[in-house]
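Structure record follows, encoded as structure tokens.
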Amino acid sequence: GREDTGGFVGYLDADLSGVYATGDVTGSESEGGSGGGVENTGGLVGFIDTGASGDYNVLEDSYATGSVSGNHNVGGLVGSTMPYVDIRDSYAAGLTVTAPSGLYVGGLVGRSQGASLALQNKIHDSYSTADVSASGFVGGLLGHSASATDVAYSFASGDVSSNALNGVVGGLVGYMQS
């Protein structure tokens, strides 16, 4: 099974503009325990699905200010995305984004799942000030990009850390695949 938890909406398959969430968000582990399901937890949106017919689903002019915690795919603004998602002019300013035993955790977006360079996601003119910590694939802005995410005019200013011996950590992006 899959669980999508967000401060404003759990599952999004549309454009969203000019919204915000200010409360703390806590995701719970999916049925079946660790690895038994997929969890997506975001300060604003848990999961953004693929845009239809080659159009992008756009999240713009939006923000989240609460702390966010979960298991896997955890982000200060968005937990996880599929291809054709465009995030712009948005930010996450919560104190912390954490997943003590989890993977794919970012200050803005936990995991960006593209399919190819032609189906990439975008993060433009956006930022995170949150401190981010997890087991692996941890980034100040983006935890993990499964296909080249176009990141432009964006920044992260929080502390980023992993509690694992071989955790993959980046100040801006934890792990970028092409």
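The values are calculated or read from the model by the stated rules, or taken from the named source; none is laboratory data. For clarity, every value in this text was computed on a predicted model and none was experimentally measured. Accessible surface areas use protein heavy atoms only, side chains included; no ligands, DNA or RNA. Shrake-Rupley method; radii C 1.70, N 1.55, O 1.52, S 1.80 Å.
General remarks:
- Restricting region 127-147 to residues that are open to solvent by less than 20 Å² (accessible area, probe 1.4 Å) and either acidic (Asp, Glu) or not in a strand (DSSP E or B) (or both), the residue that is farthest from residue 104 (Cα to Cα) is 130.
- The set of residues from region 148-178 being open to solvent by 90 Å² or more (accessible area, probe 1.4 Å) and of a type in the set (A, V, I, L, M) comprises just one member, 165.
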